[in-house]
Amino acid sequence: MAVRTRKNLVVDAEKVRELARRRGTSESEAVRQAVDFALAAEEVMAAVRELHERGGLDDVSGRLPDEVVASSTSS
């Protein structure tokens, strides 16, 4: 587990409360989860960009709708 450090952040208290309520967690845990989610989203987007730069994915099993296949081959 990573070392936790107290940080003073200026955030929208209403949004943090609402996020914690929706997740059924404390406000601190909701913020930690939001940070983890943001970091994971950046990793996913980096992987998507890399796939795009390499030409995308091939539909080897023929399961993608025709419009998806057409749009990926038109680039």
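The values are calculated or read from the model by the stated rules, or taken from the named source; none is laboratory data. Owing to the predicted nature of the structure, the values given are computational and were not obtained by experimental measurement. Every residue, glycine among them, receives a Cβ derived from its backbone with ideal geometry; neighbour counts consider all protein chains shown.
Might you check whether a residue that is loosely packed, with under 10 Cβ neighbours inside 10 Å and either modelled with pLDDT under 95 or outside any loop (DSSP other than H, G, I, E, B) (or both) occurs anywhere in the stretch 23-34?
In the first step, residues of the stretch 23-34 are kept if they are loosely packed, with under 10 Cβ neighbours inside 10 Å; the result is 24.
Next, only the ones that are either modelled with pLDDT under 95 or outside any loop (DSSP other than H, G, I, E, B) (or both) stay: none.
No, every residue in the stretch 23-34 fails to be loosely packed, with under 10 Cβ neighbours inside 10 Å and either modelled with pLDDT under 95 or outside any loop (DSSP other than H, G, I, E, B) (or both).
Could you list, in sequence order, the residues of the stretch 11-47 that are within 30 Å of Leu57 (Cβ to Cβ) and not hydrophobic (A, V, I, L, M, F, W, C)?
Initially, the stretch 11-47 is screened for residues within 30 Å of Leu57 (Cβ to Cβ), giving 33-47.
Within the stretch 11-47, Gln33, Asp36, Glu42, Glu43 qualify.
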